[in-house]
Amino acid sequence: MKTRSCWGTRSWSRIGIAAVLAIATGACGAGSDPAEQNGDAPENDPESTATAQKVSTAVPSSPSRREHKREAEQKMAAKAAQQISTKALEALKPELRLGALDTLRPVNAHPFENGSGSVRAAHYHNGLRVIGSSLIIHTDEAGHTRSVTNALRPEIRISTSPTLDPQQAVEVAKADPERLPYREEPDVELAILPMEELVVKATGRPPEAGDRDLNAEQLERVVRSHRLVYVVDTDEEDTRAEHPTRQMRYLVDAHTGEIVRQRSRVNHSAANNLGLSMYKYPDSDTTFSNQVSLDTSWDSPWFDPSVYRYIMEDTVRSFYVQDNDSLWWYGANNLYSGDGFWGDGLAFAGDGSASTKNRQTAMVDAKWALQATWDMFDRVFQRQGPDDDFYDANCLVHEQTNWNDAEYRGLTGNIYVGDGSTRTSLDTLAHEYGHAFDDFEADLRECNNGEACGLSEANGDIVAVMTNYYVYNRGLLHGNSTIPDGTHSVNTGANSIDYWGLFNGRSFKDPKFPYYFSSIGSENEHDALGPMVAAFFFLARGASVDPNSNTFSYYLPWGMDGIGIHAASRIWYRAMTNYFTDTTTYANADDALIQAAKDLFGDTQPEKPEVAAVRNAMAAANFSSRASSYVMPPAYTESEPNDSQSQINWVPKPVDVNVPAGKPNRKEVFGNAGTNQEDWFQVWVPDGYALKVSLVPTLGNDHDLYVIEEGAAVGSWSTNAGSVTDTRSLPYVQNTSSGHKSYNILVSGYNSGTSGAYHLYIDWLPACSSAAGSEQAFGTTMAGCAGTVTWANRANLCGVGSHVCSAQEWLDRRGSTVPGHNYWTNDDLKFSGTGTNSCSASATTGNSCGANPMRVCSPTQADPEGNLCNWTGCGLDSTSNMYFGGCTNNTTAGTLCCLN
């Protein structure tokens, strides 16, 4: 069994990273956790029972230390200069608004195996470094610039001649009352500091303090001026002091001596490394790679300060990642990288077999995932760290032995990850980071009631979704201030993965967890999250109108449109930071999210679409009422007895005028049929309509569905344990003598399962939309919808439940009927030939017709609506007449519509 590190649950930033690394090399003995000395840990805290001697963080002084670092930096810069020429850098200057006095100097480079790579360049003006002004040049396989990441602060117009000399700047730093004795004389550099201000784009003025109504895209940092400063770096030590070492940076105005800025530099400086992850992430607009960029740090071992190595501590984001086994069992080498390249990209081989690089892969996975989540919060919500004040939510991987889990521990504020192969994935780490965010906000994770506990888990999943969308839709790659919508299932070189990643394989039609019920708070918290997670999905992506879809809700039978992942995320963040508490229930969450939406989008009457969408999304998960603007389809409740064909219930077709645009003409039937019981219904289907009948199970009930025409069963099949929707679609009714057909619908309780309540959806689907004129029947699955629309608007003539037919579908479905009008197909058909009856249409060969492809034409050049076909009697990929024709200057037609 593994033992813990000396105080492995505490933050390095509280103790001193050199002390932790000293422990890693064996300098760990009896004593007490320094955090415990301040009363931070409860007496019975099992995570703080291991003890350690407090170790001095002082690093022995070495006159070669700084020079060695400079040499390492110069070596990196020299390698970078080999990746891009001075000429290439000069060629970039005009479009980057750089002048004759500006230069770009390579700092480091990361060439990739395929020859592409990236070069980081620092900005200098008149020989002086411009602080915080840099550029990353991304090159292709041939070494040409593919794109740039522009963080430059150009257009500098100040004198570069200082009033003070360097020694005077050092004296200013020495006057710091908290200064310790210098181990070496400070480094001094003359540089240029851009003076920036955060402003609202629309007004150009700073935002009000604490204003969280604004999102990142509404704000920008603008350079107001530049100042000439001395950068003074100090290295201080006093072993008698409570904090025996200090490294400080002072920015001293080179004219006035004012300290413009000062900060601690801790014991190391920032670096950028590469690592191999088990997962592939976007590295361009079209490709994925498991080679990832990691923000790490330099460090020197206390016993040899002349040696520099990388440690996985992020000084920008203020957190570290550590192999929690390394301190005692597997050697401290896992914590370091000498070449700045971490991991091997392979699954963990096990404690007895894993190499140092293999153990580091979990660190790479976790570091990249957490910095991606951190950056999403920073760029989108302007939140820096889980507490918005750079709190160090650290991550310890390889926790315990063969532990296949991950968790956030509120007592330590750290994330712990076991050896399981999926526990360092982006969605897992982002989920745990979501708990850290919750810990500093609503604190739902206290689980003061079961529903709050479920909402805490829902928050973790929602943060995971935000981050996955941000990463896989390339928001992170491009530094977006919004979370992009887009493709949510991507092929990363292995399996196609659904990066919505919310439901752990559960269907929305799961009869229990995606919908609220009164005792959901008694369920496991990973099940009690279901209604909120489903509601967030509906809010962002929408709910389907199709009962066969996993995103259908029988509480919202006409479905809904989503408002997009970014708007949904803003509402969630606003609610978490302003309205949720540690006792929030689903009912409270309803109020909180509605208020958050009103804060962001306006509290008006009629309600803003975003506010109405929140109501409808929560209604779809059954913990809110629908928006007043949502019109429900007409409902019908079966009336007993209807247990035989002679006692059949008549279900009339609804009036079309009540149907929302783009929705089917639907009637919802509520019924109940027990085991071996039957319910019978009769419907009429008018000419020009198709019939679709869907039986949706509820609460695990199981039934058989039959649709019968004139006494013959035309379809039947059974649900499986209440998890599958039965659907039967019948073809268009065409040209009947009575103008309609009669169908009987039978719902039968399954004799080997549990039966009871059910939802039956009966849809009357028109072949043509209301925008079409007359309708021409071609068999029972295709109709010609007359009209005068352009090819771009061809779908406007098709009814709900049908699609624009392809040219091949015209051939397969038309039978022998001659077209009486001109009709578009869905194919961009080209023409070949010499004229009428000697021509062909093709989707692949021939001459383009531009915006007016060839189409199906009546034998006459002009149809009853006045649509023209200059050529007629053409074939499809042949000259045999299949009624194709038309081309350039024939701009309008009707549309061929096929039953889905």
Margin query: Just checking, does the stretch 173-181 include any residue being at pLDDT below 90, buried (at least 17 other Cβ atoms within 10 Å of the Cβ) and either within 30 Å of residue 276 (Cβ to Cβ) or not basic (Lys, Arg) (or both)?
Written below: yes
Notebook entry, point to check: Restricting the search to the stretch 843-863, which residues are of a type outside the set (Gly, Ala, Ser), more than 10 Å from residue 829 (Cα to Cα) and assigned to a loop (DSSP other than H, G, I, E, B)?
Noted result: 857, 859, 860, 861, 863
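Here's the yes/no breakdown for (1) of a type in the set (Gly, Ala, Ser); (2) buried (at least 24 other Cβ atoms within 10 Å of the Cβ); (3) modelled with pLDDT under 80:
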site: 458; (1), (2), (3): yes, yes, no
site: 470; (1), (2), (3): no, yes, no
site: 479; (1), (2), (3): yes, no, no
site: 493; (1), (2), (3): yes, no, yes
site: 530; (1), (2), (3): yes, yes, no
site: 542; (1), (2), (3): yes, no, no
site: 550; (1), (2), (3): no, no, yes
site: 561; (1), (2), (3): no, no, no
Notebook entry, point to check: From 810, 764, which residue is at pLDDT 90 or above, surrounded by 15 or more Cβ atoms within 10 Å (Cβ to Cβ), in contact with a Phe, Trp or Tyr (Cβ under 9 Å, 6 or more places away or on another chain) and part of a strand (DSSP E or B)?
Noted result: 764
Notebook entry, point to check: Does the stretch 659-691 hold any residues that are in a loop (DSSP other than H, G, I, E, B) and within 21 Å of residue 756 (Cβ to Cβ), and which are they?
Noted result: 673, 674, 675, 676, 677
Checklist line | Search result, residues across the stretch 674-687 that are in contact with a Phe, Trp or Tyr (Cβ under 7 Å, 6 or more places away or on another chain) and surrounded by 20 or more Cβ atoms within 10 Å (Cβ to Cβ) | finding: 683, 685
Next item on the list: Within the stretch 391-414, identify whether any single residue is surrounded by fewer than 21 Cβ atoms within 10 Å (Cβ to Cβ), hydroxyl-bearing (Ser, Thr, Tyr) and at pLDDT 85 or above, and answer yes or no.
Entry: no
Next item on the list: Can you give me the number of residues within the stretch 767-777 that are under 40 Å from the mean Cα position of the chain (by Cα) and outside any loop (DSSP other than H, G, I, E, B)?
Entry: 1
Item checked: Evaluation of residue 644 against (1) modelled with pLDDT of 85 or more; (2) among the small types (Gly, Ala, Ser); (3) crowded, with 18+ Cβ neighbours inside 10 Å (one fails), failing number -> (3)
Note to self: I'd like the full set of residues that are under 40 Å from the mean Cα position of the chain (by Cα), at pLDDT 85 or above and surrounded by fewer than 18 Cβ atoms within 10 Å (Cβ to Cβ), limited to the stretch 647-673.
What the structure shows: 663, 670
Item checked: Test: residue 780 is more than 17 Å from residue 732 (Cβ to Cβ), β-branched (Val, Ile, Thr) and either outside the structural domain of residue 736 (by TED's automatic domain parsing) or not in a loop (DSSP other than H, G, I, E, B) (or both) -> no
Note to self: Can you report the number of residues in the stretch 587-607 which are more than 13 Å from residue 570 (Cβ to Cβ) and either out of contact with any Asp or Glu (no Cβ under 9 Å at 6 or more places or on another chain) or surrounded by fewer than 22 Cβ atoms within 10 Å (Cβ to Cβ) (or both)?
What the structure shows: 13
Check: Taking into account only those residues within the stretch 742-761 that are in a loop (DSSP other than H, G, I, E, B), under 43 Å from the mean Cα position of the chain (by Cα) and not small (Gly, Ala, Ser), which is surrounded by the fewest Cβ atoms within 10 Å (Cβ to Cβ)?
Finding: 754
Check: In the stretch 856-875, is there at least one residue being closer than 19 Å to residue 813 by Cα, β-branched (Val, Ile, Thr) and touching a residue at least 40 places away in the same chain (Cβ under 8 Å)?
Finding: yes
Note to self: What's the number of the only condition in (1) assigned to a strand (DSSP E or B); (2) modelled with pLDDT under 75; (3) hydrophobic (A, V, I, L, M, F, W, C) that residue 241 fails to meet?
What the structure shows: (1)
Notebook entry, point to check: Applying the selection to the stretch 244-263, what residues are modelled with pLDDT under 90 and part of a strand (DSSP E or B)?
Noted result: 245, 246, 247, 248, 249, 261, 262, 263
Check: What tally of residues in the stretch 169-187 results from selecting those that are touching an Asp or Glu at 6+ places or on another chain (Cβ under 8 Å) and of a type in the set (A, V, I, L, M, F, W, C)?
Finding: 2
Item checked: Subset of the stretch 387-409 [of a type in the set (Phe, Trp, Tyr) and part of a loop (DSSP other than H, G, I, E, B)] -> 390, 391, 403
Note to self: I'd like the residue in the stretch 826-845 that is farther than 12 Å from residue 885 by Cβ and within 43 Å of the chain's Cα centre (by Cα) and, out of all such residues, is surrounded by the fewest Cβ atoms within 10 Å (Cβ to Cβ).
What the structure shows: 844
Next item on the list: Can you tell me which residue among 412, 373, 361 is in a loop (DSSP other than H, G, I, E, B), out of contact with any His (no Cβ under 9 Å at 6 or more places or on another chain) and among the β-branched types (Val, Ile, Thr)?
Entry: 412
Notebook entry, point to check: Which residue, of 356, 361, 422, is at pLDDT below 85 and within 24 Å of the chain's Cα centre (by Cα)?
Noted result: 422
Notebook entry, point to check: Limited to the stretch 574-598, what total is found for residues that are part of a helix (DSSP H, G or I) and modelled with pLDDT under 85?
Noted result: 4
Check: Given the structure, is residue 429 within 30 Å of residue 353 (Cβ to Cβ), in contact with a Leu (Cβ under 8 Å, 6 or more places away or on another chain) and either outside the structural domain of residue 321 (by TED's automatic domain parsing) or modelled with pLDDT of 90 or more (or both)?
Finding: yes
Item checked: Residue that is modelled with the lowest pLDDT [pool: residues in the stretch 117-147 that are buried (at least 20 other Cβ atoms within 10 Å of the Cβ) and of a type in the set (S, T, N, Q)] -> 118
Check: Checking residue 526 against (1) outside any helix (DSSP H, G or I); (2) at pLDDT below 85, which test does it fail?
Finding: (1)
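The values are calculated or read from the model by the stated rules, or taken from the named source; none is laboratory data. Computed from a prediction, not measured in an experiment: that's the story for all the values here. All Cβ positions, even for glycine, are placed from backbone atoms using ideal geometry, and neighbour counts span all protein chains on display.
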